[in-house]
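**Q** Okay, here's the structure, questions in a sec.
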Amino acid sequence: MFKGTTIICVKKGDQVAMAGDGQVTLGDQVIKKGARKVRKLYNQQVLAGFAGSTADAMTLLERFEKRLEEYSGNLMRAAVEMVKDWRMDRTLRRLEAMMLVADSENILLLSGAGDVLEPEHGIASIGSGSGFALAAGRALLEVSDWNAADIARRSIEIASDICIYTDNIITVEVIG
């Protein structure tokens, strides 16, 4: 599990929301608050968030964006091809990061171990506070009439109260 961030993606109805905290840590020190770890890609149709080493995550994000362009926004195809590169390329294999990506239909978790995972229940999270955010998000999905963006934001807020590597300066991006 990567220390230093929490990212969650929630699908509810036609809306998909991804939220991430803004804290950047180096060891046991907070280096920056307010970093943007969640972005919209491919004509504002795809969401991507990352956890792990910032430089590694940015490298992966750039590669993923190129794959999206290459496969005309086909999320699954772009994800599978990017993860193949990540797993097979000697340099990429050493990168320490994870990604969540989503479009209006799918949420995928990508890892350097070759994983392209589709989560259950329309919700997924990564990072040091991911367990806390995921538990909060699943509960809110079951018991509230909130939209995906509100659930994602509140899940990160709850995680930030528990995880020392997660703050409450939150970025939320929405599609749908």
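The values are calculated or read from the model by the stated rules, or taken from the named source; none is laboratory data. What you are looking at is a predicted structure, and each value in this text was computed from that prediction instead of being measured. Cβ atoms come from the backbone with ideal geometry, glycine included; neighbour counts cover every protein chain shown.
**Q** When the residues of the stretch 82-96 are narrowed to those that are under 18 Å from the mean Cα position of the chain (by Cα) and at pLDDT 80 or above, which ends up nearest to LEU109 (Cα to Cα)?
**A** Checking each candidate, the answer is VAL83.
**Q** Going by the conditions given, is GLU65 touching a residue at least 12 places away in the same chain (Cβ under 8 Å), within 25 Å of GLN23 (Cα to Cα), among the acidic types (Asp, Glu) and assigned to a helix (DSSP H, G or I)?
**A** yes
**Q** For residues in the stretch 134-176 being more than 16 Å from VAL16 (Cβ to Cβ), among the small types (Gly, Ala, Ser) and in contact (Cβ under 8 Å) with a residue 24 or more places away in the chain, which is surrounded by the fewest Cβ atoms within 10 Å (Cβ to Cβ)?
**A** The qualifying residue surrounded by the fewest Cβ atoms within 10 Å (Cβ to Cβ) is SER160.
**Q** Right, something else. In this structure, does ASP103 turn out to be buried (at least 20 other Cβ atoms within 10 Å of the Cβ) and of a type in the set (Asp, Glu)?
**A** Taking the combined requirement at face value, the residue satisfies it.
**Q** Quick one: count up the residues across the stretch 12-31 that are buried (at least 24 other Cβ atoms within 10 Å of the Cβ) and modelled with pLDDT of 95 or more. Give the steps one after another, and end with the answer.
**A** Taking the stretch 12-31 as the starting set, the residues that turn out to be buried (at least 24 other Cβ atoms within 10 Å of the Cβ) are 16-21, 23.
In the following step, the residues that additionally are modelled with pLDDT of 95 or more were identified as 16-21.
Result for the stretch 12-31: 6.
**Q** Can you name the condition, by its number, that MET58 falls short on among (1) outside any loop (DSSP other than H, G, I, E, B); (2) without any contact (Cβ under 8 Å) to a residue 24 or more places away in the chain; (3) surrounded by 15 or more Cβ atoms within 10 Å (Cβ to Cβ); (4) among the hydrophobic types (A, V, I, L, M, F, W, C)?
**A** Going through the list (1) outside any loop (DSSP other than H, G, I, E, B); (2) without any contact (Cβ under 8 Å) to a residue 24 or more places away in the chain; (3) surrounded by 15 or more Cβ atoms within 10 Å (Cβ to Cβ); (4) among the hydrophobic types (A, V, I, L, M, F, W, C), MET58 breaks only (3).
**Q** Exactly one condition in (1) more than 17 Å from ILE175 (Cα to Cα); (2) without any contact (Cβ under 8 Å) to a residue 60 or more places away in the chain; (3) of a type in the set (A, V, I, L, M) is not met by MET98; state its number.
**A** Status for MET98: all satisfied but (2).
**Q** Evaluate the following for GLY34: is it free of Cβ contacts under 8 Å to residues at least 60 places away in the same chain and not acidic (Asp, Glu)?
**A** For GLY34, the condition - free of Cβ contacts under 8 Å to residues at least 60 places away in the same chain and not acidic (Asp, Glu) - is not met.
**Q** Next question. Among the residues of the stretch 17-37, how many are in a strand (DSSP E or B) and within 12 Å of the chain's Cα centre (by Cα)?
**A** Summing the residues that are in a strand (DSSP E or B) and within 12 Å of the chain's Cα centre (by Cα) in the stretch 17-37 gives 5.
**Q** Using the structure shown, decide if GLY34 is over 17 Å from VAL83 (Cα atoms) and either of a type outside the set (A, V, I, L, M, F, W, C) or at pLDDT 90 or above (or both).
**A** Criteria met by GLY34.
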